[in-house]
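Asker: Input: one structure, supplied below.
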Amino acid sequence: MKENNPSNRVARRSILGATAAALSAGALGRVTAVGQTREQVKEGEGNNSASNPGPKNPALQGLNPNSYMPPSTDRGVIEPIWYSFDLVHRRIQDGGWTSQVTSKEFPSSQDIAGVTMRLTAGSYRELHWHSANEWAYMLYGKARVTVFEPNGKIFIGDVSEGDLWFFPTAHPHSIQGLGPDGCEFLLAFDQGNFSEYNTFLLSGMVAHMPSKVLSQNFNIAETGLSNLPESGLYIFPGTVPGPLEDDRKAVGGPAVASRLDYTFKMKSMRPLLETAGGSVRVVDSHNFPAAKTVAGALFNMKPGALRELHWHPMSEWQYYINGSARMTVFDSAGEAHTMDYKSNDVGLAPAISGHYIQNTGNDDLAFLALFKSDTFVEFSLDQWLRHLPVQMTQQHLHLSPTEIARIPDLAMNIIPASGASGGSDPQ
Ligand code: MN
Ligand code: MN
C-alpha cells in the first residue's frame, strides 16, 4: 500500500502511539502488511525477528545502518542513491591514479559522471579535450591548470585545496601536480555516461596521423618526429614548473592571456548563508561566469545539524568530503529510502525528489552538491509553508497557528542539533 493513502497514515500513527507490550503477535502481522514501524523493529529485536544468522558482510552492514535497520517511514524500492569511489577500480600509472563513477557503475546518475584523480608533484594529466564540460574541486595539494580558447588566448592558473575550475566542452586543457606533494581532485562531467578514459589525447592524435601529414603540419622533417609518443600517455611524471608568473610571461603575457578566469576560490569565498548549524557556499554562472552548465554548493555542517527538507528541479549529485551523514529521499510514488554516507561516497537525490541531509557523526560534515544547470535552484519546504496563508497550512497539516509560526522562514537552512550536539542516535 502507498504511504500517501491517508487512511494508512492514520493506521500507522495510531499503532505508533500504542505501547509495544500492547501489540500482540497477531497485530504485528497486520502491521507488516502496511509497512514496518519503529516499534515493530524494536519488537523484532526483542523477539529475535531481526536476527540474521545466515551469511553477512559485517563491514558493509556497519557502513549502512539506516538501510539494514530502516526508519519506520521508509517504503518500497527507489533507484540507487548511494555509491562510493572506494568500490571502483583505481587506474594507477607512474605519476598518479584515477577512479571514476559513471552511469555504468551508478545508473541513477544520468546528469553527472564523477572522477577522483591524484597527480604526484610534477606529474601531468596529459594535454587533452573532450565532449563533456568539466567541473572540478581541489581536495588536496596544489596544481597548475591551462585551458586554451578558440580565439587563441590561453589561461594559466594555480589552484589549491578548496578551489574549483570549469573547462568548457572541446577546450583543450592540462593539469599538473605542484610541490611539495602534488594534488588530488574531484572532476564532475555534465554527461552521466562520460568516461574519463575516452578523452582526446594529444599523444593519441599525433600517433594516429600519417607522418608526412604531421611533418607538413608542424613544419618539422619526418626524421625529427621519430620520438613522438606512440600511445596515450594519460598520466605521466614531469618536472615541477617554476612560478606561475614566469609561465604566463613565457607564453606572451597579457597579449595572449584569456579574459575569463576558469578557476574560482570556492572554500574561501564568503558563505551565502551561515547558521549555528553550519554554512553554505554556492557557485554558479551568476558569480562564476565560466561555469555555464554546472552549479555547485559546498555545505559544512556541525554534528547533529540538519539540512532542511527541500527539493530541486534537477537531480543532485553529491560528493562527501568529510564526516558521516544520512539522507532520506522521498519520491512521488510514496516511496522513501534512507542511506548513510561517508567520505569519498557519492549520493544522488533524483530530480524533484524531497530530501534532507543530517550530520550523524561526531565530526563536521563537508559535502558538495552538484547540478547540471547554470543556476542553483532549490525549493524549501519550511519557507513554502511559511509563505502560504496560515489557514491553508493549518488545514493540511493539522498544526496550530502558533506551531506554524515556529517553522523557520529561511531557505537553504542548516538547523543546529537540538540540545547536546553530536554522537547521539539521530533517530
Ligand atoms: Mn579534462
Ligand atoms: Mn538537495
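The values are calculated or read from the model by the stated rules, or taken from the named source; none is laboratory data. None of these values were measured; they are calculated from a predicted model. Glycine also receives a Cβ, built like all others from the backbone with ideal geometry; neighbour counts cover every protein chain displayed. When the accessible area is computed, the model is the full protein with side chains, heavy atoms only, and any ligands, DNA or RNA have been set aside. Shrake-Rupley method; radii C 1.70, N 1.55, O 1.52, S 1.80 Å.
Asker: Can you give the net charge of the other residues whose Cβ lies under 9 Å from the Cβ of GLY278, counting K and R as +1 and D and E as -1?
Answerer: Around GLY278, the surrounding residues sum to 0.
Asker: Moving on to the next point. So how much slack lies between TRP384 and THR239, counting 0.36 nm per residue of separation and subtracting their Cα-Cα distance, in nm? Provide the component values of the computation, followed by the final result.
Answerer: Values: separation 145, 0.36 × 145 = 52.20 nm, distance 5.52 nm.
Extra length available between TRP384 and THR239 comes to 46.7 nm.
Asker: Now for a separate question. Select from ALA349, ALA250, ALA305 the residue whose mean-square fluctuation is largest in a Gaussian network model of the chain (Cα-Cα springs shorter than 10 Å).
Answerer: It is ALA250.
Asker: Which distance in Å, rounded to a whole number, links the C-alpha centroids of region 135-152 and region 322-352?
Answerer: Centre-to-centre distance over Cα atoms comes out at 30 Å.
Asker: Taking the 0 to 90 degree range and rounding to the nearest ten, how far is the long axis of helix 25-34 tilted relative to the main principal axis of the chain, both from C-alpha atoms?
Answerer: Roughly 40 degrees, rounded to the nearest 10.
Asker: For the chain, build the charge dipole from Cβ charges (+1 Lys, Arg; -1 Asp, Glu) around the Cα centre, then report which of MET69, TRP311, MET392 sits farthest towards its positive end.
Answerer: The Cα lying farthest towards the positive end belongs to MET392.
Asker: Please compute the per residue accessible area over the chain with all protein chains in place, 1.4 Å probe, rounded to a whole number of Å².
Answerer: Accessible area per residue, the chain: 49 Å².
Asker: Sticking with this structure for a sec: Roughly what angle does helix 6-17 make with the longest principal axis of the chain, taking Cα atoms, 0 to 90 degrees, to the nearest 10?
Answerer: The helix 6-17 is inclined about 70 degrees to the chain.
Asker: By the gyration tensor of its Cα atoms, with a ≥ b ≥ c the square roots of the eigenvalues, what is the shape of the chain: rounded for a/c under 1.5, prolate for a/b over b/c, or oblate?
Answerer: prolate
Asker: Run the count for the chain, please: Lys pairs, Cα-Cα under 17 angstrom, 8 or more apart or on different chains. Mind showing how you got there, number by number?
Answerer: Details: LYS142/LYS265; LYS142/LYS267; LYS153/LYS249; LYS265/LYS292; LYS267/LYS302; LYS292/LYS372; LYS302/LYS342.
Lysine pairs satisfying the spacing and distance rule in the chain number 7.
Asker: Kindly write out, for region 328-337 in residue order, the coupling ³J(HN,Hα) from the Karplus curve 6.51 cos²θ - 1.76 cosθ + 1.60 (θ = phi - 60°), rounded to whole Hz, with x marking Gly and Pro.
Answerer: Taking θ as phi minus 60°, the curve returns 10, 10, 10, 10, 5, 7, x, 9, 8, 9 Hz for region 328-337.
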